[in-house]
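Asker: Have a look at this one before I ask anything.
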Amino acid sequence: MNSFSCVITGHRPTRFKFKYNEKDKRCQRIKKCLQEQLIRLYNQGVRYFWVGGAMGADMWAAEILLRMKEQTAYQDVELCLAFPFEGYDADWDDWHQKRMKFICKYAAKVLILGEMPSSENYKKRNYFMVDQADCMVAVYDNANNMRSGTQQTVNYAKKKGLQIIYIHPDTAQVTTEDATLWK
């Protein structure tokens, strides 16, 4: 069986109605839905999962993938991290920094794509991950038409013709764009 790759992107906690409260039922519903989609993709041959290392959807996906990898059925899951630059998380609180340090420790790959803090290095990271992928999972909606790195990443994935699985950040409803799974 061929192995495929998936990029995961999504909004930061400030976009969610529950903000940083991960015990909120809405957050739990999104995490459950994210896990279901990652398992579904695994069952369709995806083994490599690219995550950008931000708080929110990126971090949740990485933690879900590491928990999956602990199970015999998913031991060949490869979590790949792409960071925009060294120290991008320096302003984070201790709890989020510790979580990311743990994620990095058990990831198959950790790449740092830029040298200096800049919006260009975030864009470079986002485009790099899409270029590695066959499909995307995006915890995203464009209802507020807000400009964001998530929007930039989704738009680039559309341009590249990737199948995109959307998880709505308010309802956890799943929709898919481009029903043909692999190009």
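Yes/no matrix, rows are residues, columns are (1) closer than 27 Å to N43 by Cβ; (2) crowded, with 17+ Cβ neighbours inside 10 Å; (3) touching a residue at least 24 places away in the same chain (Cβ under 8 Å):
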site: D76; (1), (2), (3): yes, no, yes
site: C80; (1), (2), (3): yes, yes, yes
site: D94; (1), (2), (3): no, no, no
site: Y106; (1), (2), (3): yes, no, yes
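Asker: So, of the residues in the range 50-74 that are over 23 Å from R29 (Cβ atoms) and among the hydrophobic types (A, V, I, L, M, F, W, C), which turns out to be most open to solvent (accessible area, probe 1.4 Å)?
Answerer: A73
Asker: How about the range 17-38: which of its residues are in contact with a helix residue (DSSP H, G or I) (Cβ under 7 Å, 6 or more places away or on another chain) and open to solvent by less than 90 Å² (accessible area, probe 1.4 Å)?
Answerer: Those that are in contact with a helix residue (DSSP H, G or I) (Cβ under 7 Å, 6 or more places away or on another chain) and open to solvent by less than 90 Å² (accessible area, probe 1.4 Å): F18, N21, K31, L34, Q35, L38.
The values are calculated or read from the model by the stated rules, or taken from the named source; none is laboratory data. For clarity, every value in this text was computed on a predicted model and none was experimentally measured. Every residue, glycine as well, gets a Cβ built from its backbone with ideal geometry; the counts of neighbours run over all protein chains shown. All accessible areas refer to the heavy atoms of the entire protein, side chains included, with ligands and DNA or RNA removed. Shrake-Rupley method; radii C 1.70, N 1.55, O 1.52, S 1.80 Å.
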